[in-house]
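Asker: First the structure, then my questions, so here it is.
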Amino acid sequence: MAIAYNNFSTEKVFGNEEVNIICNNIYETILEKFTSSTVNTDFAITGTVAKIIQGAALEDIVVMPFITNNSSMLNFVLNELPEKVNALGAVKLTDRVQLFFNNIYVEIWYNAAIGTLNTVSNLRVQATADIPLYIN
């Protein structure tokens, strides 16, 4: 199956195209389960990556973080997403899932108070002021 969602690759979010492809695949898989309207209002890039996309200084990225405020989406992320995106491993916690690929780490967090989401370069990002301090 070809990946239809390719904004990470198109926008060259990461210099490592493998990371862009993994992020495209995560978005595509979530879009197959939920409507685009739901994904646009309930799922976004967060943490340091969101801050950089919104103009913060470049810094090393340790993990690619996403956030959702949708409990159904969290359930999907915890129980189905790791297998669907071929993660090598997954750690499932009550408020997030950590996915492991070849030297690439992704976290998808749940927070009922997601705050404001912005669109920057065709990417949904959590507003800098709303990014929880505990998310890198």
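Asker: If you check T94, T68, T35, which single one turns out to be surrounded by 14 or more Cβ atoms within 10 Å (Cβ to Cβ) and hydroxyl-bearing (S, T, Y)? Step through it out loud before you land on a result.
Answerer: Working: T94 fails: surrounded by 14 or more Cβ atoms within 10 Å (Cβ to Cβ); T35 fails: surrounded by 14 or more Cβ atoms within 10 Å (Cβ to Cβ).
Unique residue meeting the criteria: T68.
Asker: Kindly evaluate V120 against the criterion of being of a type outside the set (F, W, Y), within 17 Å of N24 (Cα to Cα) and more than 12 Å from the chain's Cα centre (by Cα). Lay out the reasoning, then the answer.
Answerer: Values: of a type outside the set (F, W, Y): yes; within 17 Å of N24 (Cα to Cα): yes; more than 12 Å from the chain's Cα centre (by Cα): yes.
It is true that V120 is of a type outside the set (F, W, Y), within 17 Å of N24 (Cα to Cα) and more than 12 Å from the chain's Cα centre (by Cα).
Asker: Okay, moving on. Name the single residue that is farthest from the chain's Cα centre (by Cα) among those in the range 6-34 being hydroxyl-bearing (S, T, Y) and within 17 Å of E80 (Cβ to Cβ). So that I can check it myself, show each step before the final result.
Answerer: Taking the range 6-34 as the starting set, the residues that turn out to be hydroxyl-bearing (S, T, Y) are 9-10, 27, 29.
Imposing the further condition that a residue be within 17 Å of E80 (Cβ to Cβ) reduces the set to 27, 29.
Values: Y27: 7, T29: 11 Å.
Result: T29.
No value in this document is a laboratory result; all are computed from the given coordinates. None of the values given here were measured: they were computed from a predicted structure. Ideal geometry is used to build each Cβ from the backbone, glycine not excepted, and the neighbour counts take in all protein chains shown.
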